[in-house]
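Here is the structure we will look at, set down as structure tokens.
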Amino acid sequence: MLLEVTRSIHGAWRIARLDPDALAYFNVTADGFWRSFSALTLVVPFYVGFLVLSHAHTSGLTPPTGPVLSVEWFVTVKLTAFAASWLIFPVVMVAISRLLDLTQTYAQYIIVWNWSNVLEMVVILPAVMLFLSGALPGQSAAMILMAAQITMLFYGYLVARAGLRCKTATAISVVAFNFVLSLLFNGLAAKLL
């Protein structure tokens, strides 16, 4: 399994480098499909760390106007929303792939997408930490964070193109849908906080 994890993450990196042979690094079998969801377990510890730091940063900025939000509740709600959006996206993509006649490449895309999330976390987390740390002036930190987010959206497009073997407009639509789904789950989590 460790070899599959390292090969898959390397494959995700090869996609970022526009390697046309990047898919050769992924296990695109039925077993590979189910094992690709283990990428979530690699990302969760980093995401929890980010949530703890984020909670400390935001709770220190404003005086509480009501009951103080515990870090445990904050992490639980945000982590649940994160995991739910990660797991629901592949389910919804079943219908979308049928609608767009992409059922032949659906499983391959989900495998690549799952592993690409590890690489995305490696890129976006330092930018978020830099933003939260206050090490740079607000404008500079915000620009770095925005650049990282735009880079990740473009990378999502590359993953969709490689995994789905689809047209540009289709890949953009899939990335936009995933982004909106993430915003929806973040919004639901915010209502519970």
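When the chain is described by a simple charge dipole with +1 on each Lys and Arg Cβ and -1 on each Asp and Glu Cβ, the residue from HIS10, MET152, LEU136 located farthest towards its positive end is MET152. Remark: the stretch 150-157, residue by residue, has Karplus-estimated 3J(HN,Hα) of 5, 4, 5, 5, 5, 4, x, 5 Hz, where x stands for each Gly or Pro and the curve is 6.51 cos²θ - 1.76 cosθ + 1.60 at θ = phi - 60°. Taking 7 Å steps out from each Cα toward its Cβ at LEU40 and ALA84 produces label points 1.3 nm apart.
For the chain, the relative contact order comes to 30 percent (Cα pairs under 8 Å, sequence separation of at least 6).
Please give the contour-minus-distance gain from GLN139 to ARG98: 0.36 nm per residue of separation, less the Cα-Cα distance, rounded to one decimal in nm.
On the way: separation 41, 0.36 × 41 = 14.76 nm, distance 4.34 nm.
Full extension of this stretch gives 10.4 nm more.
Set the Förster radius R0 to 22 Å, insert the Cβ-Cβ distance between ARG7 and LEU153 as r into 1/(1 + (r/R0)^6), and round the FRET efficiency to 0.05. FRET efficiency, ARG7 to LEU153: 0.30.
Summing -39500 (n - 2.57) over the DSSP H runs of n ≥ 4 in the chain and dividing by its residue number, what mean residue ellipticity at 222 nm do you reach, to the nearest 500 deg cm²/dmol?
On the way: 7 runs with 153 residues, N = 193.
The helix contribution divided over the chain gives -27500 deg cm²/dmol.
Karplus-derived 3J(HN,Hα) values for the stretch 25-34, using 6.51 cos²θ - 1.76 cosθ + 1.60 with θ = phi - 60°, are 7, 9, 8, 9, 8, 4, 5, x, 4, 5 Hz; glycine and proline are entered as x.
Can you classify the stretch 85-193 as rounded, prolate or oblate using the Cα gyration tensor, where a ≥ b ≥ c are the square roots of its eigenvalues, rounded means a/c under 1.5, and otherwise it's prolate if a/b beats b/c and oblate if not? Verdict is prolate for the stretch 85-193. The charge dipole of the chain, taken about its Cα centre with unit charges on the Cβ of Lys, Arg, Asp and Glu (plus for the first two, minus for the last two), comes to roughly 240 debye. Given the options GLY49, GLY11, GLY156, which has the most mean-square fluctuation in a GNM of the chain, springs set between C-alpha atoms less than 10 angstrom apart? Among GLY49, GLY11, GLY156, the largest mean-square fluctuation in the Gaussian network model of the chain belongs to GLY49. Taking amide H as placed 1.01 Å from N in the peptide plane, the amide H of PHE26 sits under 5 Å from none that are at least 5 places away or on another chain.
With a Förster radius of 35 Å applied to the beta-carbon distance between ALA176 and ASP19, the computed FRET efficiency rounds to 0.90.
FYI, it's all coordinate maths here, none of it is from the lab. Keep in mind it's a predicted model, so treat the numbers as computed, not measured. In this analysis, Cβ positions are derived from the backbone assuming ideal geometry, glycine residues included, and neighbour counts consider all displayed protein chains.
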